[in-house]
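Worksheet: one structure, shown below.
Just so it is clear, none of the values below were taken in a lab; they were calculated from the coordinates. Quick caveat, the model's predicted, so the values are computed rather than measured. For neighbour counting, all protein chains shown are included, and Cβ atoms are generated from backbone atoms with ideal geometry for every residue, glycine included.
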Amino acid sequence: MEPKIFLGPMSKNIVDTVIEYSNSVKLPFTFIPSRRQVEYNGGYVNNWTTKEFVNYVKKKGKYTILKKKNVAVLILKKQKNKLKKNLKH
């Protein structure tokens, strides 16, 4: 299933809540952390390094996806173009 919901991990509580909800409804949610939220030497969200954040999400989330912000933008543009094409027919 292609992801349709993209979220920035603003706090550990948000990350945990999204993972819990995603697991319960079996719906993929995608985290798109900014460079400062999750950073190689510790970001402002839970002081997670990139490696720690990836490991945390992969360990807890069955349906949770991780993407870079620019990749998420490309996915959303693709979905928008597909929708426009379908509406024309």
Query raised in the report: Using a Gaussian network model of the chain with C-alpha springs under 10 Å, which one of K68, K59, K26 is most mobile by mean-square fluctuation?
Result: K59
Report task. Please give the helix 50-60 orientation as an angle from the longest Cα principal axis of the chain, in degrees from 0 to 90, rounded to the nearest 10. Result -> 70
Requested in this report: Return the inverse of the average 1/r over all pairs of distinct C-alpha atoms in segment 1-64, which is the Kirkwood hydrodynamic radius, in Å to one decimal.
Outcome: 11.7
Query raised in the report: With charges only on Cβ, +1 for K and R and -1 for D and E, what is the dipole size of the chain about its Cα centre, in debye, rounded to 20?
Result: 620
Query - Residue pairs, from the table K68/K88; K26/K88; K12/K59, whose Cα atoms sit over 22 Å apart - result: K68/K88; K26/K88
